[in-house]
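Written below as structure tokens is the structure these notes are about.
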Amino acid sequence: MGRGLIALISFFCASTVFAQTYPQKPVRMVVPFAAGSATDIVARLLAQGLSERMKMTFVVDDRPGANGAIAAELTAKAPPDGYTLMVATTSSHSQAALMMKGVTYDGLKDFTPIAGVGGVPFVIVVHPSLPVKSIRELIAFAKARPGQLTYGTPSGTATICMETLKLKTGIDLAQVSYKSSPQSVTELIAGQITSICSDFATAAPHIASGKVRALAMTTDKRSSELPNVPTLKESLGDFVEIRSWQGVVGPRGVPREIVDALSKEVLAVTAVPDFRTRLAPLGFELLPLNAPQLAAYMASEFAKWDKLAKAAGIEPQ
């Protein structure tokens, strides 16, 4: 038997044994947004389920900032041994390179897709002191005050959402950047900005309490959590659906056996009814994709957001 064949057999045997004993130590799950954000909430529930199923601790590590690029760069540079994972998102993997100069990773080539998790809708909200109760009223109010109103942007999705709205309606809003969704909503409540295209999870409790006012959902259908809030498509005619996606990835080169084991367990955790029930108030919807399906989805999402960013005249800053 040749040395090459012996080495190949040894490699597959070793990787199979490794897969059967994985994980042997705590697994870090990097999250690109702050505690309390939709992605963080989903990640913590997922980590809990994986810890229980795989009999090892999955530790959530929040690394917010730079549209998710900080977390993604950390993950891309980690050893591809299955012990550093990331909850990739629309912002970190579909948009960061479109929004910022100096992004050092490729959202498609530098990561190993593992499994889809889900996503949440976005909702346009304003400070309740603003005398508008619909998206059309906001447009009219803004047109009468060009450049005087502001919008907060904690993510690429929020930015492209509002820039697309500006492009379609001709309104002029000034952009104010934030590191996280909770921070931007806090500033909205304080009256520091006038509007946000926020992920539903962050905005929902403040909509319920009356601290912010919801004007429109960004999805094609109304949310069951806010049935009286129309969609942008209803209010303005044709408008692209804007929602987030979340999926588990690792650095490029994670062994296939580890990918398959993790993919199976992630999909098992998200399939449990209690997982969906607990996330329902966030507007969460499942994205049950295995590794190859997630890879194809990520490629299609990058193409979608690239088209939207270019149409809105957004260039890396």
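From the list Thr164, Thr231, which one is at pLDDT 95 or above and under 30 Å from Ala115 (Cα atoms)? Break it down stepwise before answering.
Numbers: Thr164 fails: at pLDDT 95 or above.
After ruling out the rest, the residue left standing is Thr231.
State whether the residues of region 206-217 include one that is of a type in the set (Ser, Thr, Tyr), crowded, with 18+ Cβ neighbours inside 10 Å and not assigned by TED's automatic domain parsing to the domain that holds Ala96.
So far as region 206-217 goes, no, none of its residues is of a type in the set (Ser, Thr, Tyr), crowded, with 18+ Cβ neighbours inside 10 Å and not assigned by TED's automatic domain parsing to the domain that holds Ala96.
Of the numbered conditions (1) of a type outside the set (A, V, I, L, M, F, W, C); (2) assigned to a loop (DSSP other than H, G, I, E, B); (3) more than 19 Å from Ile258 (Cβ to Cβ), Asp81 fails exactly one; give the number of that condition.
Against the list (1) of a type outside the set (A, V, I, L, M, F, W, C); (2) assigned to a loop (DSSP other than H, G, I, E, B); (3) more than 19 Å from Ile258 (Cβ to Cβ), Asp81 comes up short only on (3).
Could you say whether any residue in region 218-225 is in a helix (DSSP H, G or I), among the charged types (D, E, K, R), surrounded by fewer than 17 Cβ atoms within 10 Å (Cβ to Cβ) and over 15 Å from the mean Cα position of the chain (by Cα)?
Taking region 218-225 as the starting set, the residues that turn out to be in a helix (DSSP H, G or I) are none.
Within region 218-225 (the criterion being in a helix (DSSP H, G or I), among the charged types (D, E, K, R), surrounded by fewer than 17 Cβ atoms within 10 Å (Cβ to Cβ) and over 15 Å from the mean Cα position of the chain (by Cα)), the answer is no, since none of the residues qualifies.
Against the definition (buried (at least 22 other Cβ atoms within 10 Å of the Cβ), touching a strand residue (DSSP E or B) at 6+ places or on another chain (Cβ under 6 Å) and over 22 Å from Val120 (Cα atoms)), how does Thr75 come out, yes or no? Walk me through it before giving the result.
Numbers: buried (at least 22 other Cβ atoms within 10 Å of the Cβ): yes; touching a strand residue (DSSP E or B) at 6+ places or on another chain (Cβ under 6 Å): yes; over 22 Å from Val120 (Cα atoms): yes.
For Thr75, the condition - buried (at least 22 other Cβ atoms within 10 Å of the Cβ), touching a strand residue (DSSP E or B) at 6+ places or on another chain (Cβ under 6 Å) and over 22 Å from Val120 (Cα atoms) - is met.
In region 61-72, what count of residues is obtained for those that are surrounded by fewer than 19 Cβ atoms within 10 Å (Cβ to Cβ) and not acidic (Asp, Glu)?
At the first step, the residues of region 61-72 found to be surrounded by fewer than 19 Cβ atoms within 10 Å (Cβ to Cβ) are 61, 65, 70.
Now narrow it down to the ones that are not acidic (Asp, Glu): 65, 70.
Qualifying residue count for the region: 2.
Of all the helices (runs of 4 or more DSSP H) wholly in region 123-217, which have at least 1 residues that are of a type in the set (Phe, Trp, Tyr) and within 25 Å of Trp305 (Cβ to Cβ)? Don't jump to the end; show me each part of the working.
On the way: elements: 135-143, 156-169, 181-189, 200-209.
Counting at least 1 such residues, we get 200-209.
Among the residues of region 24-55, write down those that are of a type in the set (D, E, K, R) and in contact with a helix residue (DSSP H, G or I) (Cβ under 7 Å, 6 or more places away or on another chain).
Across region 24-55, the qualifying residue is only Arg53.
Going through Ile160, Ile171, Ile139 one at a time, which residue ends up being aliphatic (A, V, I, L, M) and in contact (Cβ under 8 Å) with a residue 40 or more places away in the chain? Walk me through it before giving the result.
Numbers: Ile171 fails: in contact (Cβ under 8 Å) with a residue 40 or more places away in the chain; Ile139 fails: in contact (Cβ under 8 Å) with a residue 40 or more places away in the chain.
The match here is Ile160.
Considering only residues that are surrounded by 24 or more Cβ atoms within 10 Å (Cβ to Cβ) and farther than 15 Å from Thr157 by Cβ, which ones fall in region 183-193?
So in region 183-193, the residues surrounded by 24 or more Cβ atoms within 10 Å (Cβ to Cβ) come out as 184-185, 188.
If the condition is that a residue be surrounded by 24 or more Cβ atoms within 10 Å (Cβ to Cβ) and farther than 15 Å from Thr157 by Cβ, then Leu188 is the only one that fits.
Name the pairs: first residue in region 229-241 and within 10 Å of Ala216 (Cα to Cα) and in a loop (DSSP other than H, G, I, E, B), second residue at pLDDT below 95 and not aliphatic (A, V, I, L, M), Cβ to Cβ under 9 Å, at least 6 apart or on different chains?
Val229/Arg222; Val229/Ser223; Pro230/Arg222
Given the conditions (1) assigned to a loop (DSSP other than H, G, I, E, B); (2) within 30 Å of Pro273 (Cα to Cα), report the number of the one that Val103 does not fulfil.
Result: Val103 passes all but (2).
Table: residues versus (1) surrounded by fewer than 17 Cβ atoms within 10 Å (Cβ to Cβ); (2) assigned to a strand (DSSP E or B).
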position: Gly247; (1), (2): no, yes
position: Gly253; (1), (2): yes, no
position: Ile258; (1), (2): no, no
position: Glu265; (1), (2): no, no
position: Thr270; (1), (2): no, no
position: Arg276; (1), (2): yes, no
position: Pro281; (1), (2): yes, no
position: Met298; (1), (2): no, no
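Just the residues that are crowded, with 24+ Cβ neighbours inside 10 Å and either among the small types (Gly, Ala, Ser) or not assigned by TED's automatic domain parsing to the domain that holds Glu137 (or both), please, taken from region 152-182.
Gly152, Ser155, Gly156, Ala158, Ser181
The values are calculated or read from the model by the stated rules, or taken from the named source; none is laboratory data. Computed from a prediction, not measured in an experiment: that's the story for all the values here. Please note: Cβ atoms are built from the backbone with ideal geometry, for glycine as well, and neighbour counts cover all protein chains shown.
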